[in-house]
């Protein structure tokens, strides 16, 4: 039995946990000769309400600014990864993070998703939820979750 990985997806929220996930994804992509897909999702913005009864939806200009900021943050994150060249694709989507990560993985046939976890427990986990946990439940492919504070097997 052989492991064949052609496309590895790494979801990022630009946190320390996402940096660790990218390190794993990048290393595995290099070892397997796979293409790396760095995925960021701009969460749906709740309409802002300047006064009761008046809701304003985010403008296209705001969304374009968020997209440009996300792409710049992805470039910075990729610049911190040492090592050989790996073919990569940067993807910025808008929507519900776990759904968009899952949808993208299906659309392009990702073979492995790598996600960082923040290690929330208790009330903060209950209130904030876990994107990684939701992706894990519905992903169309295997998912590797890594913790920023755990022992690494990639050096």
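With a cut-off of at least 1 residues that are over 27 Å from residue 139 (Cα atoms) and modelled with pLDDT under 90, name the strands (runs of 3 or more DSSP E) lying wholly within the stretch 1-76.
48-51, 54-56
Quick one: what pairs do we get from the stretch 57-79, first residue under 30 Å from residue 27 (Cα atoms), second modelled with pLDDT under 90 and surrounded by fewer than 13 Cβ atoms within 10 Å (Cβ to Cβ), C-beta under 9 Å, 6+ apart or different chains?
66/45
Checking the conditions here, which among 120, 134 is in a loop (DSSP other than H, G, I, E, B), modelled with pLDDT under 90 and under 21 Å from residue 16 (Cα atoms)?
Just one listed residue meets the conditions, 120.
Any chance you could count how many residues in the stretch 86-112 are assigned to a helix (DSSP H, G or I), over 10 Å from the mean Cα position of the chain (by Cα) and surrounded by 17 or more Cβ atoms within 10 Å (Cβ to Cβ)?
3
Is the stretch 91-105 home to any residue that is out of contact with any helix residue (DSSP H, G or I) (no Cβ under 6 Å at 6 or more places or on another chain) and either closer than 20 Å to residue 4 by Cα or modelled with pLDDT under 85 (or both)?
yes
Confirm whether residue 154 is modelled with pLDDT of 75 or more and part of a loop (DSSP other than H, G, I, E, B).
No.
Being at pLDDT below 95, within 27 Å of residue 147 (Cβ to Cβ) and either in contact with a helix residue (DSSP H, G or I) (Cβ under 8 Å, 6 or more places away or on another chain) or not in a strand (DSSP E or B) (or both) is the requirement here; does residue 82 meet it?
For residue 82, the condition - at pLDDT below 95, within 27 Å of residue 147 (Cβ to Cβ) and either in contact with a helix residue (DSSP H, G or I) (Cβ under 8 Å, 6 or more places away or on another chain) or not in a strand (DSSP E or B) (or both) - is met.
The values are calculated or read from the model by the stated rules, or taken from the named source; none is laboratory data. The structure presented is a predicted model; accordingly, all values stated were derived computationally and were not measured. In this analysis, Cβ positions are derived from the backbone assuming ideal geometry, glycine residues included, and neighbour counts consider all displayed protein chains.
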